[in-house]
Amino acid sequence: MNQATNIAPGVYFHEGDLKGHGHCNNGWIIFNDYVLVIDGNFPSGALEIIPKIKTITDKPIRFAFDTHHHGDHAYGNRVWVENGATPVAHVGVIEEMKKYETGYYGGGKPGRWETSAKDRPDVAASKLTPPSLLFEKKMIFDDGKHRVELLHLGVAHTHGDGFAWLPKEKILFTGDACVNGPYNYAADGDTGAWIKTLEAAKRLGAKTVCPGHGPMGATDLLADQQAYFLELRKLVRKQATKKPDEIKAAMDDIKIALQKQPRIARYVGDFLAAQIEKICVEMGAKPFLSKPATTAALDEHQQHARAHGVEMPQRR
Ligand SMILES: [Zn+2]
């Protein structure tokens, strides 16, 4: 962890310090004339990566690809801009930011950035900088030696997920559409669509899968992530029409059933209750977790932040 791994000529993977600093994983590809970085990270994450890139190459960092709009993947954008790079993303990232970043987009009330800035000095010291170079389905970087295809394969972890696909090396950077551990935050996406998007990602034929969080994996990692949601949805479907108290009572059974399956046990963690509720809502139920404020989704966001090493203020 926290070290750059050379996974192919000119291609690097860096597993971020999630527990300590809330950092996401990064990657970078060294083209003839410039460097393309995968994921914006938090400002402190960007500042940690940049010197590591500079010890490897003196080529300028020209592009930083945000795999989605979350703070740990996009709040470092200002740092990349200050270092000469342009943040790139799927158009859905901007649409998501318009929804959640009300502080920036003029909705008046503080958005997620402002909430994050209360607890993170690196965010407080920076400025939200939405990606300014956008693609709808695909954007290609190709200098004859390296080819990187930025792809939007559908809704998954969010409505703006982008993958970075290296067809020659068969390396896939997934952002949080695929993680390797108990890091699935589901509130901003759709778990049914997520399964289909992972199916599309599997068809690419990746040999190396670099997830948004957790260690690097091989071909099977995409199928493991997909199996987790398939299994979880199957277990929740049996409960979705029941009363809130009955669903809550069934949560432990769901947990045990998931933990029994070696392939997906590692995905079970603190987000489980919120994941179950999200799936029930997707299946037509009302939110039922006993948190007031703006519902459990917000609570899940808090948990997400906590898992990312940030204590957020308690809401009542
Ligand atoms: Zn995320």
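Dividing the mean sequence gap of close Cα pairs (under 8 Å, 6+ apart) by how many residues the chain holds gives a relative contact order of 14 percent. Would you mind checking the tilt of helix 272-282 against the longest principal axis of the Cα atoms of the chain, expressed as 0 to 90 degrees and rounded to 10? Tilt relative to the chain: about 80 degrees. What is the angle, in °, between the Cα long axis of helix 91-100 and the longest principal axis of the Cα atoms in the chain? Nearest 10 is fine, range 0 to 90. Once rounded, the angle reads 50 degrees.
Among the GluC sites (Glu not before Pro) found in region 130-197, those both in a DSSP coil and sparsely packed, with 11 or fewer other Cβ atoms within 10 Å of their Cβ, are GLU136. Centre-to-centre, using Cα atoms only, region 170-219 and region 1-46 are separated by 17 Å. Normalising the average separation of contacting C-alpha pairs (under 8 angstrom, six or more residues apart) by the number of residues puts the relative contact order of region 61-172 at 27 percent. Only helical runs count toward this figure. For the chain, summing -39,500 (n - 2.57) over DSSP H runs of n ≥ 4 and dividing by all residues gives -11000 deg cm²/dmol at 222 nm. Near THR67, the amide H atoms lying under 5 Å from its own belong to ASP39, GLY40; only residues 5 or more places off or on other chains count, and H is placed 1.01 Å from N. I'd like to know how region 113-222 sits against the 2.2 N^0.38 Å rule of thumb: what's its Cα Rg over that expected value? With N residues counted in region 113-222, Rg over 2.2 N^0.38 Å equals 1.17. Among LEU289, LEU232, the order of accessible area from largest down is LEU289, LEU232, computed with a 1.4 Å probe on protein heavy atoms. A protection proxy built from the mean count of other Cβ atoms within 10 Å ranks the segments 41-47, 27-33, most packed first, as 41-47, 27-33. Computed from backbone phi with θ = phi - 60° and the Karplus coefficients 6.51, -1.76 and 1.60, the 3J(HN,Hα) list for region 231-245 is 5, 4, 5, 5, 5, 6, 3, 5, 9, 4, 8, 7, 6, x, 5 Hz; x is used for glycine and proline.
Computed from point charges on the beta carbon alone (+1 for Lys and Arg, -1 for Asp and Glu), the dipole magnitude for the chain about its Cα centre is near 580 Debye. Positive end of the dipole of the chain (Cβ unit charges, origin at the Cα centre): among GLY214, TYR185, LEU172, the Cα lying farthest that way belongs to TYR185. The 3J(HN,Hα) values that the Karplus relation (6.51, -1.76, 1.60; θ = phi - 60°) gives for region 215-225 are, in residue order, x, 4, x, 10, 2, 4, 4, 4, 5, 5, 4 Hz. Gly and Pro appear as x.
Accessible area per residue for the chain is 42 Å², calculated with a 1.4 Å probe on protein heavy atoms, without ligands, DNA or RNA. Cβ under 13 Å from PHE65's Cβ, PHE65 left aside: what net charge do those residues give with Lys, Arg +1 and Asp, Glu -1? Summing Lys and Arg as +1 and Asp and Glu as -1 gives -2. For the chain, the share of accessible area belonging to carbon and sulfur comes to 52 percent (1.4 Å probe, ligands and nucleic acids excluded). In this structure the amide hydrogen of GLY111, modeled in the peptide plane, comes within under 5 Å of the amide hydrogens of THR102, GLY103, TYR104, none closer than 5 places in sequence on its chain.
Applying a DSSP loop filter and a limit of 16 other Cβ atoms within 10 Å to the trypsin sites (Lys or Arg not before Pro) in region 127-213 leaves LYS127, LYS137, LYS145, LYS168, LYS170, ARG203, LYS207.
Think of the chain as having a plus end and a minus end, set by charges on the Cβ of Lys, Arg, Asp and Glu; of PRO287, ALA156, ALA125, PRO287 sits farthest toward the positive end of this dipole. Name the residue, out of THR174, THR158, THR102, whose mean-square fluctuation peaks in a Gaussian network model built on the chain with Cα pairs under 10 Å. Taking springs between Cα atoms under 10 Å, the residue moving most is THR102. Spread over its residues, the convex hull of the C-alpha atoms of the chain is 120 Å³ per residue.
The values are calculated or read from the model by the stated rules, or taken from the named source; none is laboratory data. None of the values given here were measured: they were computed from a predicted structure. Glycine gets a Cβ as well: all are built from the backbone with ideal geometry, and neighbour counts include every protein chain shown. Note: accessible area is taken over every heavy atom of the protein model, side chains too, but ligands, DNA and RNA are not part of it. Shrake-Rupley method; radii C 1.70, N 1.55, O 1.52, S 1.80 Å.
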